[in-house]
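Before we start, here is the structure in question, set down as structure tokens.
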Amino acid sequence: MVSCKTMTDEAYIRRTLALAARARGMTSPNPMVGALLIKNGKVISEGYHKKAGAPHAEVIAIDKAEQRAKGSSLYVSLEPCCHKDKRTPPCTQKIISSGIRKVIVSMKDPNPKVAGKGVEELQKAGIQVITGILEEKARELNEAYIKHVTSGLPFVIMKVAMTLDGKIATPEGESKWITGGKARIAVHRLRGSVDAIMTGIGTVKADDPQLTCRTGRLKDPLRIVIDPLLETKTDARVLSCPPETIIVTRRADAGLNRSPGWKKRRELLEGKGARIIEYEGERLDPAWLMKELGRLGIVSVLVEGGSSLNSSCLESGIVDKVMFFIAPKIIGGRESFTSVGGKTFRRLDEAFMLRDTKIRRFGEDFLIEGYIRK
């Protein structure tokens, strides 16, 4: 039987997670964090980290409480930071000097610069610390941050909009709009939650998308275009608005077939603000690209491509999560484009398997999401 105290702690931690989620898409490369102070059974202040470089959640809550913070309990969704290698002072010192008597933490910070050191510092100062309440939910909230800070690689989501029979476009390439308005709004919010969107040159040539987040409050992500032959036009809409677009292409001196105007096209694209990343060999290795993007500080990537890019990403093992928006339509036809191309599995037990699947509804459309079993 769960005690009343445990249920109260869980309720307060749920509140910190809800506060943290308000800044979804705004804090990268930092995690989302929420905090609140409790005294005599009442919430006296709360706060959340709004963006990188801004005050941390604990600091906001303590500053709001002022002298009332003394003797209170701090609930926070992530272990307070204790290092100085950042733009803001360590939260542990702020907590200690404020006179807080108890700290309840949902999860320890996997950042090697913290990783339990924040908890130890608080305990050495005589503050009681409890950890691990609703830890799985806290990990899910900051799954992209956790992967990047522990591996240096971005968290990769593959998004697909398709019909009931798995088609993403008609034989003529028509794909607007497979899903309805509510599903498209959800996709724009998803775009606003990631650092970058990755697509292929085929999608750019066929649809000329902007790949922006049109929800108002959320920021637009970087765009990454896989373009082996450097076919992106200088008037492509992916180049028409900030932030920058990264074009991934083959090396010019790799002995591959290049048109005489390749160097000039590169200069023109760079003049439009594009960043060019070159790879060696006949085909791009998505795993290599993720390492390069991780070095650039890109924490999360949303793949919005066609069947070839989708299959390449899955087969290379870079995909962490998939989100399939399914419209109640049937296109049919062997010539229609399928959501995932690439090789065919001969046995069902060889297929990509999902775990922790969820189903949601957006208008007439359904979203099935889950994590790739590694």
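Too long at a 20 Å Cα-Cα cut-off: which of Lys108/Lys147; Lys182/Lys329; Lys176/Lys343; Lys70/Lys124; Lys113/Lys219; Lys50/Lys117?
Too far apart for the 20 Å limit: Lys176/Lys343; Lys113/Lys219; Lys50/Lys117.
For the range 284-374, place one equal point scatterer on every Cα, skip the solvent, and apply the Debye formula. What is log10 of I(q)/I(0) at q = 0.10, 0.20 Å⁻¹?
After summing over all Cα pairs, the log10 values are -0.32, -1.20.
Please compute the per residue accessible area over the chain with all protein chains in place, 1.4 Å probe, rounded to a whole number of Å².
I get 50 Å² per residue for this part.
Can you tell me the equivalent ellipsoid semi-axes for the range 107-259? Use √(5λ) from the Cα gyration tensor, largest first, whole Å.
Whole-Å semi-axes of the equivalent ellipsoid: 40, 22, 14.
Something else about it: Residues with amide H under 5 Å of Thr131's amide H, sequence separation 5 or more or different chain, H placed in the peptide plane at 1.01 Å from N; which?
Residues meeting the criterion, in which the H sits 1.01 Å from N, are Val105.
For the chain, what is the percent of antiparallel DSSP beta bridges, rounded to the nearest 5?
Numbers: 25 of 62 bridges.
Counting DSSP beta bridges with both partners in the chain, the antiparallel share is about 40 percent.
In the chain, which longest range has no GluC sites (Glu not before Pro) that are both DSSP loop (not H, G, I, E or B) and surrounded by at most 10 other Cβ atoms within 10 Å?
1-171
What FRET efficiency comes out for Ser240 versus Glu292 if R0 is 30 angstrom and r is the Cβ-Cβ distance? Round to the nearest 0.05.
For R0 = 30 Å, the calculated efficiency reads 0.75.
Provide the descending list of Cα extents for the range 97-182 along its principal axes, expressed in whole angstroms.
Computed over the range 97-182, the largest-to-smallest principal extents equal 69, 28, 21 Å.
How about the range 134-176: which trypsin sites (Lys or Arg not before Pro) there are in a DSSP loop, with at most 14 other Cβ atoms within 10 Å of their Cβ?
Listed in order of number, the matching sites are Lys176.
Bin by bin, in steps of 10 Å, what percent of the Cα pairs in the range 186-283 do you find, going until the bin that has the longest distance?
P(r) over the range 186-283, rounded to whole percents: 16, 47, 27, 8, 1.
What are the radius of gyration and Dmax of the range 30-148, computed over its Cα atoms and given in Å?
In order Rg, Dmax, the Cα atoms of the range 30-148 give 13.0, 39 Å.
Let me check I have the definition right: for the range 7-89, take the eigenvalues of the Cα gyration tensor, multiply each by 5, take square roots. What are those semi-axes in whole Å, largest first?
Those come to 21, 15, 10 Å.
Can you compute the charge dipole magnitude of the range 11-71 about its Cα centre, using +1 on each Lys and Arg Cβ and -1 on each Asp and Glu Cβ, nothing else charged? Give it in debye, rounded to the nearest 20.
Rounded to the nearest 20 debye, it is 180 debye.
Just to be sure I understand: if I project the alpha-carbon convex hull of the chain onto a plane and average over all orientations, what area do I get in nm²? Don't skip to the end; give the middle numbers.
Working: hull surface 88.5 nm².
Taking a quarter of the hull surface, the average projection is 22.1 nm².
Which helices pass in the chain if a helix is a full DSSP H run, must span at least 24 angstrom along its long axis by Cα, and must have mean Kyte-Doolittle hydropathy not below -1.0?
Working: long enough: 4-21 (26 Å, 0.02).
In the chain, the long hydrophobic H runs are 4-21.
The range 302-374 to the range 198-232: how many Å between their Cα centroids?
20 Å
The values are calculated or read from the model by the stated rules, or taken from the named source; none is laboratory data. Treat the numbers as computed from the prediction; the structure is a model and nothing was measured. Virtual Cβ from ideal backbone geometry, glycine too; neighbours counted across all protein chains shown. Ligands, DNA and RNA are stripped out before the accessible areas are found, and what is left, the full protein with its side chains, is counted by its heavy atoms. Shrake-Rupley method; radii C 1.70, N 1.55, O 1.52, S 1.80 Å.
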